[in-house]
């Protein structure tokens, strides 16, 4: 860091990605409610969730949260710390579950701790996490919801989670960059133990990924084994993807090969891409085949309009189950200038208002345009950094002009920033100027209205583009410092009108030089 007086200080800022950390004195909270969905199952019970975080100092943040349904409640309290050696987070969660099938109440608590560190000298990222469930009566939300469903016995995954209550869980993740052009190594692993069964279940995966010219490839090995039932599944996989062409919209071919002694070999391949001037159309085709099973296929398409994202999918899986779906997603944003629809929305976004500029393209959001009222949404901006928000002037209506086409904002996290563009509306006039002798005024001559206000400059061919003028009046064109270096013409927009673009009037005019005294 170089101070204003020229003094230089050198220090190291430890970095580790821990989402729980917030700045000192700041509070971050989130509240949400809705129905619970797990995989393809939508449950009727309403779930409430709230979190609250407060930054004590730069390196310490306290966290709390609550999750509740009519039959379940869980409360969390914890803290996150940033140290020179990495980031540490820990918390404790209490839960109470009412089982309607036998009128019993199950109470328990769990402990959690995690450690994250990034080492710039070696380009290594490390994550460790540990969970300890202090009794078999601790339920997470998923298990609690399934426990109160009559049909949970028909779901093997839910049934196993009910009878085999978790006791310990450990997770490890290591990512190692090997340098420019040398690829990336990764290792992940986890192990689980349960209250109601012996042995442990472990899973780990190791792999290497890199890019060769336009080919992205990945090779890896995974293993999952259970010491209780002696199940051991080992798998080798290869994945690669390559664009089928040179253009930016070329389809992408992706293929995955899996080799497994227990589950058998499998092949999955897909082609996906985008189309349209703003990549607003998307499509995908995929097919799969398994050695110890059938084959499947699917097709999908999507259209991203300025106001919503529309999707459609159809397919047939290896068990010959047919699936079709239609989807619509987006957001509705209320702001001081009205209500605006958006095809997407993040926690931090920007609202644009440019009066009269409906239909103009938003550069920061391909495919998005201002609505008829001049409002638009930039679905995502980066907090605490400079973001350029701009409108494409070429897409503006001809009778509207922007005082500026770009503004910079530095938004806070989880905020909506209003960006107001000043516009000047009015019929635009394009004067085709000829002087009395048939010549044209010199290029860059400045034009003034009767009040002495500058209205523009003469461009090549003796043309002057001006906006916001009255229907009739006089214009003075000046090209020199002497009194005689000017001419004056009168105009009337309804006389000899010729229109080649909406909102633009072309007027041939005769500019008269002053009479010599």
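No value in this document is a laboratory result; all are computed from the given coordinates. The structure displayed is predicted, hence computed values, not measured ones. Ideal geometry is used to build each Cβ from the backbone, glycine not excepted, and the neighbour counts take in all protein chains shown.
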- Message: Defining a contact as two alpha carbons under 8 Å apart and six or more residues distant in sequence, what relative contact order in percent does segment 366-517 show?
- Response: 20
- Query: Normalised by the residues of the chain, what does the relative contact order come to in percent, with Cα pairs under 8 Å and at least six apart?
  - Reply: 5
- Roughly how many whole Å is it from the C-alpha centroid of segment 50-122 to that of segment 354-395? 39
- Any idea what the relative contact order of segment 245-329 is, in percent, if you count C-alpha pairs under 8 Å spaced at least 6 apart? 18
- Item | Computed lengthening from residue 261 to residue 35, 0.36 nm per intervening residue step minus Cα-Cα distance | 77.3 nm
- Note on the structure: Between the alpha carbon centres of segment 242-258 and segment 437-484 the gap in Å comes to 56
- Message: At a 10 Å Cβ-Cβ cut-off, how would you order 477, 400, fewest neighbours first?
- Response: 400, 477
- Task: Kindly provide the helix-only [θ] at 222 nm of the chain, computed as the sum of -39,500 (n - 2.57) over DSSP H runs of four or more divided by all residues, to the nearest 500 deg cm²/dmol?
- Result: -1000 deg cm²/dmol
- Message: Quick check: convex hull over the Cα atoms of the chain, volume per residue in Å³, rounded to an integer?
- Response: 251
- Please work out the C-alpha center-to-center distance from segment 304-323 to segment 160-229 and express it in whole Å. 30
- With a 10 Å radius around each residue's Cβ, average the other Cβ atoms per peptide and rank 180-193, 362-375, highest first. 362-375, 180-193
- Query: By count of other Cβ within 10 Å, fewest leading, how are 431, 349, 465 ordered?
  - Reply: 465, 349, 431
